[in-house]
Amino acid sequence: MDGRPLYLEPRLAPRLGSLLAATGTLHTLSDALGSPLHVVVPDQIAENLDGFRSVYRTHHLSGQVFFAHKANRSSALLRRLATTDAGVDVASLGELQHALGAGFTGDRITATGPKNPEFLWLAARTGVTVSVDTTAELDQLAALVRAHALAPVRVLLRLSGFETPGVRVLSRRSRFGTPVRELDALLEAVERHGDAVDPVGVAYHLDTTSVAEKATALEGCLAALEACRSRGLRPRAVDIGGGFGVSYLAEREQWEAYTTALTSAVLGRRPPLTWGGHGYGLREESGTLRGALGLYPAHRPLAGAAYLDELLSRPAASLGGRPLAALLLEHLYDLHTEPGRALLDQCGLTLARVLEVRAQETGGELLVRLAAKADDIALEDHGVLMDPVVVPRSPTGSLSGSGPVAVHLLGSLCLETDLITRRTVFLPRRPEPGDLLAFANTAGYVMDFHATRAQHQPAARKVAAWQEGDLWRWCLDELFWPTTPSGGSQ
């Protein structure tokens, strides 16, 4: 390889850094429960919630922070969150049942996503707020309410297709929500079902990292709320969804150096940085770079609660240029948010044991085979590039083979495509069989979305860990209940 190692070191908050430093505990866990293994840290999600709440306080806003349950199936994280004032956003019948069983009451739950009749029925029965995507869904919900003589259901009208006047900024196309240009038809349906639904506000869902697009959508929602009021309705909230992001890497310079080198490698100006010349969306055509880099911005100067603060501070171009937060406050509207990845920042890691380390006949990178499948450590499926941390089997082992090495991380399936990472990974020292590789910050989407039991190989188990003084305690995820002062299971 050319030049110095291209590290992509993970950003580690104190709690997760402390857990990674507890090497004996991590090896004990892996020895007992196998590899791969997910470890979640429930107390961190409560700390992250406090960060979002501080933004609400700064802007003098009220409203609910709903955890987007789809980001992680953990019972421990959900039960710990139930002890706070947060809510939960559920996107399936199973998630709704899980939230109710974890201690959330219906008034702290919002139901989003595609909904079948069973999901709608239980949401209506338990007093959940339903985010309605279409007139047809509204009709279906109202029919269930009448058929079962239920109380009127609180609904949020989810909208899409926003745009601003002047310099045109469009919110990107979404499969969710009713286009805002069809708002009148949706409101007519609300009025038709006045006995069955209570329209408490409007919402949007955007799959984007762009603050400008989200600001456009929030402006559109404020205008939609005025349209509701002009019809005699009394909406009181706007739900701006999630997408606040996470900054995964410790150093901006490392991210810039890597993406620059990757571009050079794709153009053939340096040796390849990936297995088989994979370009992460980039390609070379006749000496010209084509395509688009299909990666998550792993180092972000603005993420999580800070992203929300930036959004709320944006001037509303179509509404007199005043900050969006000021407009919400002036009209006494509640602000609802649905962070998933951002609430799970630093809330967990994934362990995988090193099974084999071998050199290639042609030299170059080492091949490191792990006791894990690519589906168990699905960082790259979400476009996230980040180095694992080597957790040596013993302190003396950490001294062997000193010096940085370039490796390819291979999975345990009998498939050429089972690569933990497609890129060449640089490690500060050569790993040895028996060592662990710890992939940090995997709680947001990575642990559960792609898990399989292919070739009869088990999916990763999950445990919850918490601190008692200088010690780390743990239990199986499903056995964690926040019933003691320390937060652990008894």
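The values are calculated or read from the model by the stated rules, or taken from the named source; none is laboratory data. Bear in mind the structure is a predicted one, so any value in this text is a computation, not a measurement. Virtual Cβ from ideal backbone geometry, glycine too; neighbours counted across all protein chains shown. For accessibility, only protein heavy atoms count, side chains too; no ligands or nucleic acids. Shrake-Rupley method; radii C 1.70, N 1.55, O 1.52, S 1.80 Å.
Carbon-plus-sulfur accessible fraction, the chain (probe radius 1.4 Å, protein heavy atoms only): 51%. Computing Rg and the Kirkwood Rh from the Cα coordinates of the chain gives a ratio, Rg/Rh, of 1.00. Largest first, the extents of the alpha carbon coordinates of the stretch 1-151 on the three principal axes equal 66, 42, 38 Å. With a cut-off of 19 Å on the backbone N, the residues of the stretch 204-234 near the modelled label site 7 Å out from E330 along Cα-Cβ are 215-230. Listed by chain and number, the aspartates and glutamates whose alpha-carbon sits under 19 Å from that of K115, ignoring those within fewer than 8 places in the same chain, are D89, E95, D107, D133, E137, D139, D198, D239, E338. In a fully extended conformation the segment linking D85 and L289 would gain 68.5 nm over its present Cα-Cα distance, using 0.36 nm per residue. Taking the Cα-to-Cβ direction at L302 and at T105 and moving 7 Å from each Cα, how far apart do the two end points lie in nm? That separation, rounded to one decimal, is 3.8 nm.
If the chain linking D139 and E188 were pulled fully straight, counting 0.36 nm for each residue of separation and taking away their Cα-Cα distance, it would gain 16.5 nm.
The residues of the chain present an accessible area of 42 Å² per residue when probed at 1.4 Å with all protein chains retained.
Spin-label model, L367/H60: points 7 Å from Cα along the beta carbon direction are separated by 6.5 nm.
Sites listed here are GluC sites (Glu not before Pro) in the stretch 334-385 whose DSSP assignment is loop and whose Cβ has at most 14 other Cβ atoms within 10 Å: E361. Taking a straight line from the alpha carbon of K462, these lysines sit under 19 Å away, with near neighbours fewer than eight places off in the same chain left out: K70, K373. Hull volume per residue, based on the alpha-carbon atoms of the stretch 300-359 and their convex hull, is 138 Å³.
Over every pair of different alpha-carbon atoms in the stretch 270-412, take the mean of 1/r and invert it; report that Kirkwood radius in Å. Evaluated over the stretch 270-412, this radius sits at 20.0 Å. Entry for the stretch 183-295 at q = 0.18, 0.19, 0.21, 0.23 Å⁻¹: log10 I(q)/I(0) = -0.94, -1.01, -1.13, -1.22, Debye formula applied to identical alpha-carbon scatterers, no solvent contribution. Distance between the pseudo-spin-label points of D50 and R234 (7 Å out from Cα toward the beta carbon): 3.7 nm. Adding -39500 (n - 2.57) for every DSSP H run of four residues or longer, then dividing by how many residues the chain holds, sets the calculated 222 nm ellipticity at -8500 deg cm²/dmol. Taking Cα centre as origin and charging only the Cβ of basic (Lys, Arg, +1) and acidic (Asp, Glu, -1) residues, the dipole magnitude of the stretch 2-90 rounds to 160 debye.
Here r is the Cβ-Cβ distance between R125 and R473 and R0 is 35 Å; the resulting FRET efficiency, rounded to 0.05, is 0.40. Across the stretch 113-270, the convex hull enclosing all Cα atoms gives 163 Å³ per residue.
Counted residue by residue at 0.36 nm each, then reduced by the alpha carbon distance between them, the extension gain from Q97 to A13 reaches 27.0 nm. Once the Kirkwood radius over Cα pairs is known for the stretch 1-78, the Stokes-Einstein relation at 10 °C and 1.306 mPa s delivers a diffusion coefficient of 99 µm²/s.
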